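S.K.: Have a look at this one before I ask anything.
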Amino acid sequence: MKKILILSICIIFTFQVNAQISRMLEKGKSGIGIQGSITSSPGSDGFQGKFGGSLKGKLDAEFIYSYNITGAKENLLNTDKAFFNYYEGRLTYWIFRNEVTKGIDVNIGALCAFDAARYKDYLYNDDSGIENEYMGYTGGALGMETSINFRMNEKWSLQPSFLFWYETGKERMKEVGVEKTNWYHSTVSSISLSLVRKMVSGSAFYVSANQNFWVYDVNTTPLVYELALGYVFKM
């Protein structure tokens, strides 16, 4: 049970929410985007970086890197030196991007992602008091994303969005000194709100606030909050 609790608390930090390239540009435009963010949840803190590109506003390709540290007391670990590195590649295909009424655009996309995390010093005791170690996981995901763009004027817009995906993969751990693997299944959902400033060139600057929620098998995590800043260069 402690292993499941530790994984469920830590893995949620690895998910970078929402594609942030095509939907920041005008329909049909290509671009390159960069983003930095910080995350916070009870007992954990981290930061993320993202780089990606959009092909004619239809297909986004993104790479995400995340680094996180986790408190020992709050998360039942035997050391306060635990951390992990996370890597993700993601493709988002925008099925629908249209103005549905004056000043309001709707974006709907389908996504797939592949991710991996490598953990260091994630040491914990099982129910028998024996020290075990969580080592990491590799997985793949399919999901959907939708957002609504409210254009307040020529320069500013507000974009609420929602994302949901299903992931499965293999996790690795050492139990009683023996390395083992285990299949896992999870769902991720998130909501976000972005304030976008469109530049004269067609590029865009934005700030986003996100709230993530993750379910590992039947176990749920605390809410994780993320604050992100990004810039998308129109090509």
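Yes or no, residue by residue, for (1) under 13 Å from ARG90 (Cβ atoms); (2) among the acidic types (Asp, Glu):
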{"residue": "GLY46", "(1), (2)": "no, no"}
{"residue": "GLY49", "(1), (2)": "no, no"}
{"residue": "GLY53", "(1), (2)": "yes, no"}
{"residue": "LYS56", "(1), (2)": "no, no"}
{"residue": "ASP60", "(1), (2)": "yes, yes"}
{"residue": "ILE64", "(1), (2)": "yes, no"}
{"residue": "ILE69", "(1), (2)": "no, no"}
{"residue": "LEU77", "(1), (2)": "no, no"}
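S.K.: Something else about it: Considering every residue within segment 10-33, establish whether at least one is modelled with pLDDT of 75 or more, assigned to a strand (DSSP E or B) and exposed (fewer than 15 other Cβ atoms within 10 Å of the Cβ). Full working, then the answer.
M.R.: Applying the first criterion (modelled with pLDDT of 75 or more) to segment 10-33 yields 20-33.
Those left that are additionally assigned to a strand (DSSP E or B): 31-33.
Checking which are exposed (fewer than 15 other Cβ atoms within 10 Å of the Cβ) leaves us with none.
No, there is no match, as no residue in segment 10-33 is modelled with pLDDT of 75 or more, assigned to a strand (DSSP E or B) and exposed (fewer than 15 other Cβ atoms within 10 Å of the Cβ).
S.K.: Now, a different point. Hey, could you check segment 79-91 for residues that are in contact (Cβ under 8 Å) with a residue 12 or more places away in the chain and open to solvent by 70 Å² or more (accessible area, probe 1.4 Å) and say which is farthest from ILE108 (Cα to Cα)? Write out each step before concluding.
M.R.: So in segment 79-91, the residues in contact (Cβ under 8 Å) with a residue 12 or more places away in the chain come out as 79, 81-91.
Retained after the next criterion (residues that are open to solvent by 70 Å² or more (accessible area, probe 1.4 Å)): 81, 87, 91.
Details: LYS81: 41, TYR87: 25, LEU91: 14 Å.
Ranking the candidates gives LYS81 first.
S.K.: How many residues does segment 38-77 contain that are in a strand (DSSP E or B), more than 24 Å from LYS234 (Cβ to Cβ) and open to solvent by less than 20 Å² (accessible area, probe 1.4 Å)?
M.R.: Selection size over segment 38-77: 7.
S.K.: Only one of these is among the β-branched types (Val, Ile, Thr), touching a Phe, Trp or Tyr at 6+ places or on another chain (Cβ under 6 Å) and more than 25 Å from ALA204 (Cα to Cα): ILE130, ILE69. Name it.
M.R.: Working: ILE130 fails: touching a Phe, Trp or Tyr at 6+ places or on another chain (Cβ under 6 Å).
Going through ILE130, ILE69 in turn, just one is among the β-branched types (Val, Ile, Thr), touching a Phe, Trp or Tyr at 6+ places or on another chain (Cβ under 6 Å) and more than 25 Å from ALA204 (Cα to Cα): ILE69.
S.K.: Answer yes if at least one residue in segment 155-167 is more than 28 Å from PHE205 (Cα to Cα) and open to solvent by less than 60 Å² (accessible area, probe 1.4 Å), and no otherwise.
M.R.: Taking segment 155-167 first, the residues more than 28 Å from PHE205 (Cα to Cα) are 166-167.
From what is left, the residues that are open to solvent by less than 60 Å² (accessible area, probe 1.4 Å) are 167.
Within segment 155-167, one or more residues are more than 28 Å from PHE205 (Cα to Cα) and open to solvent by less than 60 Å² (accessible area, probe 1.4 Å).
The values are calculated or read from the model by the stated rules, or taken from the named source; none is laboratory data. Here the structure is a predicted model, which is why all the values come from computation and not from measurement. Ideal geometry is used to build each Cβ from the backbone, glycine not excepted, and the neighbour counts take in all protein chains shown. Surface areas here come from the heavy atoms of the whole protein model, side chains and all, with no ligands, DNA or RNA. Shrake-Rupley method; radii C 1.70, N 1.55, O 1.52, S 1.80 Å.
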